[in-house]
Amino acid sequence: MQKTLFAAFLIAATPVFAADKPNRIIDGPKVVIDDPYKTGMLGYLQKEILGDPEQIALDPRVKVLAPHSAEDSFHVPITIDAREIGDVERIALFVDYGPIPHILDYYPGEAEPWLSFRFKIDQATPVRAAVQTKDGAWHLGGAAIDAAGGGCAAPAAAYASDDWEERLGKVRARMWPNSGRVRVIVDHPMDTGLADGIPVFTIQALDFKGLDGKKMARIELHEPVNEDPTFSLRFAQGALKAPMQVSGRDNNGNEIEATIPYNGAIR
Amino acid sequence: MTLTRRTVLATGLAATAAPRAWAKPRLEYGLKPVQVADGLWMLEGSTEYFNFENGGNIVNVAFAETDAGAVIFDSGPSRRYAEELRKVVTEMMPRGVAAVVNSHHHPDHFLGNQVFSDKPIHALEETKKQVVLHGDSYADNMYRLIGDWMRGTEPVPPNTMLTSNDLTIGGRSFSTVPLGGHTQADLMILDRATGTALTGDLAFLDRTPTTPDADLPRWRESLDYIASLDPKGIVPGHGSFDTEGRSLVQTRAYLDWLDGALTDAAEEGLDMVEAMQIEMPDEFAALGAQPHEFERSISHLFGDYEKAALPEVN
Ligand SMILES: [Zn+2]
């Protein structure tokens with residue numbers, strides 16, 4: 001019953017991909033979507049973030065789950081579930097209102113098209129998930145989040161403590177082979193560059209690989225991802241059979257390297 | 001003529017003989033004190049979350065009669081509330097208001113302070129510190145949550161620091177006990193004459209405890225301490241007057257359940273949105289402001305639980 005809390009918008013229609021319309025607005029996107037949130041921003045975001053795709057439509061199989069109201073604008077939790085769609089290549093997450101709309105891109109690879117993480121929100125806004133399938137088509141879902149705001153323009157909390165440089169790149173992680181879950185937390189300020197005198201300082205990407213180097217999943221992060229990014233991934237049951245490597249780097253060249261043990265936690 | 005919301009409302013009033021629900025001329029809390037013990041009254045707030053209908057009147061405020069006038073416990077969520085409170089108290093007690101006490105720094109408990117800034121406003125030092133730190137952002141957020149009810153409200157910190165366990169005003173003496181756990185500093189007051197405990201938000205009754213600044217182990221110790229005093233009556237921070245200690249038992253049970261549920265969720269590898277969907281036992285799902293407060297608690301507390309469940313691996 002608590003599911004009613006969550007603001008996933010579900011349009012009861014089979015996705016139909018509209019063709020390029022001859023009379024579209026000048027500078028508008030190739031496909032005009034009847035946006036349930038009517039922010040007037042969607043066309044712009046289609047062009048800027050998705051490269052103005054020719055095949056894009058609302059799809060109720062893209063579920064975006066988030067609380068109606070952001071209790072903590074620095075760490076807004078969100079889950080994207082596109083498991084009802086097969087052959088997912090990429091999931092792009094972005095907001096309509098905020099100084100930096102693009103949150104991240106997820107390339108699930110061997111993982112399921114499902115991701116949980118947290119991000120910074122600057123004001124009340126729809127958050128959108130655009131899911132690209134291997135045929136190139138985009139499937140769009142979203143949720144509206146209310147917020148008191150301010151999450152993007154404030155300095156990271158880490159600077160209040162003395163040991164943030166020692167903690168930089170520290171990874172907490174655990175694998176649950178039975179349920180196919182993998183969780184990681186990477187210590188990093190993730191500075192947006194919007195706070196006075198603090199330049200952009202962000203992790204650019206995290207790669208998940210087998211010990212043999214085989215790529216399993218990739219996340220490309222942007223400034224709105226929260227301080228100390230926290231990700232949950234899901235794999236098919238039985239797919240996790242060995243330790244996993246997680247690696248990445250930030251825009252200052254700091255490397256992130258860790259191995260997620262197969263047994264998960266030492267308990 | 002430009003139609004503003006105000007002119008539209010005025011036109012609506014003029015056009016109809018009977019008052020209409022949406023055309024209330026003025027927002028009013030309609031505060032009605034209820035006597036709960038000898039010389040002690042309580043103003044019971046709703047057990048909902050803040051909204052435009054309740055105007056933030058979700059909090060309990062109490063006052064005690066002394067030879068010097070009334071001592072008011074917590075000042076309410078807004079200037080408007082506190083103005084009504086002062087009027088009601090002054091009508092009942094010719095000496096008016098002698099002093100105010102703030103139990104802790106949450107907005108519904110202190111945002112009425114500005115109406116009493118000519119009187120001593122007692123609180124713990126840490127409470128003052130937190131009001132100074134967060135008062136403005138609380139007020140901003142309250143404008144967002146209850147709108148016009150907040151008009152003219154400014155955060156005013158307490159002006160008189162409590163330095164001992166005794167507060168005597170106008171011949172009436174109170175034990176002032178510095179506790180914590182709901183926030184960094186929670187003041188519990190025992191009215192010695194009647195044996196009534198004014199717990200602030202350490203105790204809730206039939207309303208979900210809130211956790212934005214919670215330290216669960218410390219909170220549970222504070223509840224044990226209050227229970228050990230065996231108070232004759234309890235004015236909880238939210239919920240009805242309690243003569244059976246139910247508020248202490250219920251708050252404790254909810255905190256215990258919350259602690260266990262979050263531990264289990266983190267150990268199973270759930271993320272926050274999934275944890276927000278955990279099925280609650282009926283007794284907790286039935287509390288006021290659910291499931292909203294449980295969802296908020298996940299945001300406040302889950303980070304520590306997941307850190308405990310995820311070992312460092314590099
Ligand atoms: Zn409180």
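A compact table of results
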| read-out | value |
| --- | --- |
| Any chance residue A:115 is more than 13 Å from every other protein chain (Cβ to nearest Cβ) and not in a loop (DSSP other than H, G, I, E, B) | no |
| Residue match in segment B:199-213 (condition: within 14 Å of the ligand (Cβ to nearest atom), among the charged types (D, E, K, R) and open to solvent by 10 Å² or more (accessible area, probe 1.4 Å)) | yes |
| The lone exception for residue A:96 - which of (1) open to solvent by 10 Å² or more (accessible area, probe 1.4 Å); (2) acidic (Asp, Glu); (3) in contact with a strand residue (DSSP E or B) (Cβ under 7 Å, 6 or more places away or on another chain) it fails | (1) |
| So residue B:192, is it modelled with pLDDT of 95 or more, farther than 22 Å from residue B:129 by Cβ, open to solvent by 10 Å² or more (accessible area, probe 1.4 Å) and among the basic types (Lys, Arg) | yes |
| Candidate set: segment B:263-284, residues that are surrounded by 20 or more Cβ atoms within 10 Å (Cβ to Cβ) and part of a helix (DSSP H, G or I); chosen: the one farthest from the other protein chains (Cβ to nearest Cβ) | B:265 |
| Segment B:94-128, residues that are away from the ligand (no atom under 16 Å from the Cβ) and open to solvent by 10 Å² or more (accessible area, probe 1.4 Å) | B:94, B:95, B:98, B:114, B:115, B:117, B:118, B:119, B:120, B:122, B:125 |
| Matching residues, segment B:167-198, being touching a residue at least 24 places away in the same chain (Cβ under 8 Å), away from the ligand (no atom under 14 Å from the Cβ) and farther than 14 Å from residue B:102 by Cβ | B:169, B:170, B:171, B:172, B:177, B:190, B:191, B:193, B:194, B:195, B:196, B:197 |
| Hits in segment A:51-60 (condition: surrounded by fewer than 18 Cβ atoms within 10 Å (Cβ to Cβ) and under 19 Å from the mean Cα position of the chain (by Cα)) | A:51, A:60 |
| Flag for residue A:180 being within 25 Å of residue A:46 (Cβ to Cβ) and at pLDDT 90 or above | no |
| Residue in segment B:285-295 that is more than 14 Å from chain A (Cβ to nearest Cβ), more than 16 Å from the ligand (Cβ to nearest atom) and among the charged types (D, E, K, R) present | no |
| One residue from B:40, B:85, B:31 being away from the ligand (no atom under 16 Å from the Cβ), more than 14 Å from every other protein chain (Cβ to nearest Cβ) and touching a residue at least 60 places away in the same chain (Cβ under 8 Å) | B:40 |
| So residue B:87, is it touching a Pro at 6+ places or on another chain (Cβ under 6 Å) and open to solvent by 50 Å² or more (accessible area, probe 1.4 Å) | no |
| Residue match in segment A:167-190 (condition: of a type outside the set (D, E, K, R), out of contact with any strand residue (DSSP E or B) (no Cβ under 8 Å at 6 or more places or on another chain) and free of Cβ contacts under 8 Å to residues at least 12 places away in the same chain) | no |
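Residue by residue, here is whether (1) open to solvent by less than 30 Å² (accessible area, probe 1.4 Å); (2) within 27 Å of residue A:101 (Cβ to Cβ) holds:
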{"residue": "A:133", "(1), (2)": "yes, yes"}
{"residue": "A:167", "(1), (2)": "no, no"}
{"residue": "A:175", "(1), (2)": "yes, no"}
{"residue": "A:183", "(1), (2)": "yes, yes"}
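The values are calculated or read from the model by the stated rules, or taken from the named source; none is laboratory data. Bear in mind that the values here come from a model prediction, so they are computed numbers and not experimental data. Please note: Cβ atoms are built from the backbone with ideal geometry, for glycine as well, and neighbour counts cover all protein chains shown. To get the accessible areas, we keep the full protein, side chains included, count just its heavy atoms, and leave off ligands, DNA and RNA. Shrake-Rupley method; radii C 1.70, N 1.55, O 1.52, S 1.80 Å.
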